[in-house]
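Worksheet: one structure, shown below.
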Protein chains: 2
Amino acid sequence: MALKMYDLCGQEPERRFSPYCWLVKLVAAHKQLPLETTPLPFTDKASIAFADWKQLPVLTDGDTTVVDSWQIIQHLEAQYPAHPVAGSADAMGQAMLIKLCIEFNVMGPLLRSVILDIHDHLAPADAAYFRETREARFGATLEDLQGGRESHRVALYGALAPFRVTLKRQAWLSGGSVGLADLLLFASFMWARSVSDFQLLNADDPVYAWRDALFTQCGALTTDSVGYEFSDAGYSV
Amino acid sequence: MALKMYDLCGQEPERRFSPYCWLVKLVAAHKQLPLETTPLPFTDKASIAFADWKQLPVLTDGDTTVVDSWQIIQHLEAQYPAHPVAGSADAMGQAMLIKLCIEFNVMGPLLRSVILDIHDHLAPADAAYFRETREARFGATLEDLQGGRESHRVALYGALAPFRVTLKRQAWLSGGSVGLADLLLFASFMWARSVSDFQLLNADDPVYAWRDALFTQCGALTTDSVGYEFSDAGYSV
């Protein structure tokens, strides 16, 4: 077994910011699988042309190539069933719904809060590509988008309500122990942290304590990664 | 074993409209457990005083009394493990998050769409209680709330996006077979159907086909229940 993944990076090769790449790394760590990563900037499509795919992450497992973070998770869970991230077929099915709840409701305000910070951590060619594609998608400049970050933080606070209340009722989003629901949301916070010092959560938010606990629990993968501090902002939403 | 549940009813004893009672009935049916229900109107708190609780559902299982739909589901799953609604501990943990995503995002626009219809199906004492408590909660009349139902339908369409896309990728919200995630959302549609003919979904929505399939699959419990048709509205959001 030799698991290798191409991992999206900023101008510094060790600044890894893709939430989808983070998800795969977190899942591999949960499963105690060694995973070797190769940093790749946005505009280097040639290095992954062998996969007939243009987005990261791309995983190779020996002679097998797997693209798309969700397919990679399915591959890892099927091939390496020890330390599952989903304890049953319906847990994996539900995780798809939770993934989409995060993508539709949480990632939007989160991205808008740090979108200029992402840009500012990219190599010049990547930065130009990122600005062009994102400004076209949102119909606004990166500066204007991130300029509204105080309101995005309020929107994020609202979007996190179901997660917040869940964490008042049980230790983890997956229940009594860490599972895929936790890793799905946490990957988004690792994304933000990798490029931005903007404080997304207040210290009295149960999501804040959960994020800190998971950051510590994941060990060197997260604690040694290049990024900013998760620290107390002291504001109130 | 004798499972009995007090079930919220309208002016007609057979019109059962509580989404939380529906959830327990759907879970019991999924688990192939016979469940005897006793209709109870909103304002009859005396009949459930023995449970030291003021809301339905209330379950009795022989000499044991269990209140709160979530606690009742945990009881049923623990005591009668055959035909589980959650295949693992993390599936049950994730279901709490999904339940809260539905309560925070879906149930609001759904309730506002049918809130006057609920009122109009209640016995006089219940109707007065319902109007007073709900108008205080929302700061608006039931007529004004339901009067905005076209915009509530648009909000509902948006809130259902993660569910819709999940159903484009897999047969059920719980994956390859029906599970608790499906029953959680479906209970809300059974609630609406019991009191209102307002068309919440368009026929080309994947959620519409899913709802129909589940309605049929649940058999007599749903098909024989008092309510309105789930039928094609022919509008577009």
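The values are calculated or read from the model by the stated rules, or taken from the named source; none is laboratory data. In this text the structure is predicted, and so the values were computed from the model without any measurement. Counting neighbours? That spans all protein chains shown, and the Cβs are built from the backbone with ideal geometry, glycine included.
Checked against the criterion of being in the same structural domain as B:K31 (by TED's automatic domain parsing) and either surrounded by 12 or more Cβ atoms within 10 Å (Cβ to Cβ) or in contact (Cβ under 8 Å) with a residue 24 or more places away in the chain (or both), the candidates B:D44, B:D63 yield just one match: B:D44. Applying the selection to region A:165-174, what residues are within 8 Å of chain B (Cβ to nearest Cβ) and assigned to a helix (DSSP H, G or I)? If the condition is that a residue be within 8 Å of chain B (Cβ to nearest Cβ) and assigned to a helix (DSSP H, G or I), then A:V165, A:T166, A:R169 are the ones that fit. Have a look at B:M107, B:M92, B:M96 and point out the one that is in contact with a Lys or Arg (Cβ under 7 Å, 6 or more places away or on another chain) and under 23 Å from B:Q71 (Cα atoms). Going through B:M107, B:M92, B:M96 in turn, just one is in contact with a Lys or Arg (Cβ under 7 Å, 6 or more places away or on another chain) and under 23 Å from B:Q71 (Cα atoms): B:M96. Annotation: A:R137 fulfils all but one of (1) of a type outside the set (A, V, I, L, M); (2) part of a helix (DSSP H, G or I); (3) within 29 Å of B:S88 (Cβ to Cβ); the unmet one is (3).
With respect to (1) touching a helix residue (DSSP H, G or I) at 6+ places or on another chain (Cβ under 6 Å); (2) over 30 Å from B:A155 (Cα atoms), the lone exception for B:H75 is condition (1). Inside region A:134-174, residues that are in contact (Cβ under 8 Å) with a residue 60 or more places away in the chain and either surrounded by fewer than 18 Cβ atoms within 10 Å (Cβ to Cβ) or among the aromatic types (F, W, Y) (or both) make up a count of 2.
The residues in region B:164-181 that are under 23 Å from B:C21 (Cα atoms) and in contact with a helix residue (DSSP H, G or I) (Cβ under 6 Å, 6 or more places away or on another chain) can be counted, and the count is 6. Would you confirm whether or not region B:148-155 contains a residue that is under 30 Å from A:G175 (Cβ atoms) and either of a type in the set (F, W, Y) or more than 14 Å from chain A (Cβ to nearest Cβ) (or both)? Within region B:148-155, not a single residue is under 30 Å from A:G175 (Cβ atoms) and either of a type in the set (F, W, Y) or more than 14 Å from chain A (Cβ to nearest Cβ) (or both). Within region B:175-188, the residues that satisfy the criterion of being without any contact (Cβ under 8 Å) to a residue 60 or more places away in the chain and either buried (at least 22 other Cβ atoms within 10 Å of the Cβ) or aromatic (F, W, Y) (or both) are B:G175, B:D182. Put simply, of A:S188, A:S194 the only residue that is out of contact with any Leu (no Cβ under 7 Å at 6 or more places or on another chain), more than 14 Å from chain B (Cβ to nearest Cβ) and part of a helix (DSSP H, G or I) is A:S194.
Within region B:111-121, one or more residues are more than 30 Å from A:G87 (Cβ to Cβ), outside any helix (DSSP H, G or I), in contact (Cβ under 8 Å) with a residue 60 or more places away in the chain and under 19 Å from the mean Cα position of the chain (by Cα).
Here A:S177 clears all of (1) in a helix (DSSP H, G or I); (2) within 14 Å of chain B (Cβ to nearest Cβ) except the condition numbered (1).
Here A:F186, A:F163 are screened, and the one residue that is within 15 Å of the chain's Cα centre (by Cα), modelled with pLDDT of 95 or more and not assigned by TED's automatic domain parsing to the domain that holds A:F17 is A:F186.
Inclusion of A:D90 among residues that are within 29 Å of A:Q11 (Cα to Cα) and either crowded, with 22+ Cβ neighbours inside 10 Å or more than 16 Å from the chain's Cα centre (by Cα) (or both) is not warranted.
Looking only at region A:218-237, decide whether some residue is at pLDDT below 95, under 17 Å from A:V106 (Cβ atoms), in contact with a helix residue (DSSP H, G or I) (Cβ under 6 Å, 6 or more places away or on another chain) and not aromatic (F, W, Y). Yes, region A:218-237 contains a residue that is at pLDDT below 95, under 17 Å from A:V106 (Cβ atoms), in contact with a helix residue (DSSP H, G or I) (Cβ under 6 Å, 6 or more places away or on another chain) and not aromatic (F, W, Y). Looking at the structure I just gave you, is B:L33 farther than 18 Å from B:D117 by Cβ, out of contact with any Gly (no Cβ under 7 Å at 6 or more places or on another chain) and among the aliphatic types (A, V, I, L, M)? So B:L33 passes the test. Taking the conditions (1) assigned to a helix (DSSP H, G or I); (2) without any contact (Cβ under 8 Å) to a residue 40 or more places away in the chain in turn, B:M107 satisfies each one other than (2). Here A:Q11, A:Q94 are screened, and the one residue that is of a type in the set (S, T, N, Q) and outside the structural domain of A:W172 (by TED's automatic domain parsing) is A:Q11.
Do you know which of the residues in region A:53-97 that are in a helix (DSSP H, G or I) and farther than 30 Å from A:P41 by Cβ is nearest to the other protein chains (Cβ to nearest Cβ)? Ranking the qualifying residues of region A:53-97, first place goes to A:G93.
Being farther than 18 Å from A:D44 by Cβ, at pLDDT 95 or above and out of contact with any His (no Cβ under 7 Å at 6 or more places or on another chain) is a property that holds for A:L156. Every condition in (1) of a type in the set (A, V, I, L, M, F, W, C); (2) surrounded by fewer than 23 Cβ atoms within 10 Å (Cβ to Cβ); (3) without any contact (Cβ under 8 Å) to a residue 60 or more places away in the chain holds for B:L97 except the one numbered (2). Filtering region B:197-207 to residues that are more than 14 Å from every other protein chain (Cβ to nearest Cβ) and surrounded by fewer than 21 Cβ atoms within 10 Å (Cβ to Cβ) leaves B:D197, B:F198, B:Q199, B:N202, B:A203, B:D204, B:D205. Within region A:110-133, work out how many residues are closer than 30 Å to B:A91 by Cα and surrounded by fewer than 22 Cβ atoms within 10 Å (Cβ to Cβ). Residues meeting the conditions: 1.
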